[in-house]
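First up is the structure itself, then whatever we jot down about it.
The values are calculated or read from the model by the stated rules, or taken from the named source; none is laboratory data. The structure presented is a predicted model; accordingly, all values stated were derived computationally and were not measured. So basically every Cβ, Gly included, is an ideal-geometry build from the backbone, and we count neighbours across all protein chains shown.
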Amino acid sequence: MADLSISFFSLLLPFFSLSLLVFLAFIVRPHPVKVPIKNRHVFITGGSSGIGLALAQQAASEGAKVSILARNIGRLEDAKESIRLSTGRDVAIFSADVRDYEAVKKAVEEAGPIDVLVCNQGVFVPQELETQDIEEIKFMIDVNLIGTFHLIKAALPGMKNRADRGPGSIAIISSQAGQVCSTFGSSINFNGLLFHSELIPSDN
């Protein structure tokens, strides 16, 4: 009888294990977040090309007031014209290096109150860690990670103190460097971030 019980339990164990895995996957899976942007100010870094430009075009087409920030003023001008031609809307452009907090702060202040901040800037220098120059590593961290802190620090006070504009949103988009493995297979994830946060306006 005992042997029969053990056999029965052994048959059920894989089923329960699979059920637990399915349940956990359901709980921790990413959930899409719909952020209202019509008639709201969306500020996007890395907005002169790639994902940032695509996000800016999408936001503008949905009726948002859009500001984009990047380093190269020529690419910013090209992006502005591209968005105008595709959506019929003008966007504000700001040339600044996210590694420079004062430059970021000035751009944020000139842009005006931000409802949705999208930290999309990112650089990636593909090298094996053991042979990569330390200055290249610092450069990636300064742009991808410290630059994000600069942006949030500059924008956060104004986002928290907005009056009658609904909740604010901050989105941080990952750099591809966050998916790279070293020679020994360890994930280098110092700038691989994907994060979204809602801010409720302050009553003060």
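General remarks:
- Answer residue from the stretch 90-143, given it is at pLDDT below 85 and of a type in the set (V, I, T) and is surrounded by the fewest Cβ atoms within 10 Å (Cβ to Cβ) among those: T131
- Residue check, M159 closer than 19 Å to V35 by Cα, assigned to a helix (DSSP H, G or I) and either over 15 Å from the mean Cα position of the chain (by Cα) or at pLDDT below 90 (or both): yes
- When the stretch 154-168 is filtered for residues that are in contact with a helix residue (DSSP H, G or I) (Cβ under 7 Å, 6 or more places away or on another chain) and closer than 14 Å to Y101 by Cβ, the ones remaining, listed by number, are A154, A155.
- Among the residues of the stretch 62-83, just one is without any contact (Cβ under 8 Å) to a residue 12 or more places away in the chain and not small (G, A, S), namely E81.
- Residue ranges of helices (runs of 4 or more DSSP H) in the stretch 71-155 with at least 3 members closer than 20 Å to I51 by Cα and of a type in the set (S, T, Y): 73-87
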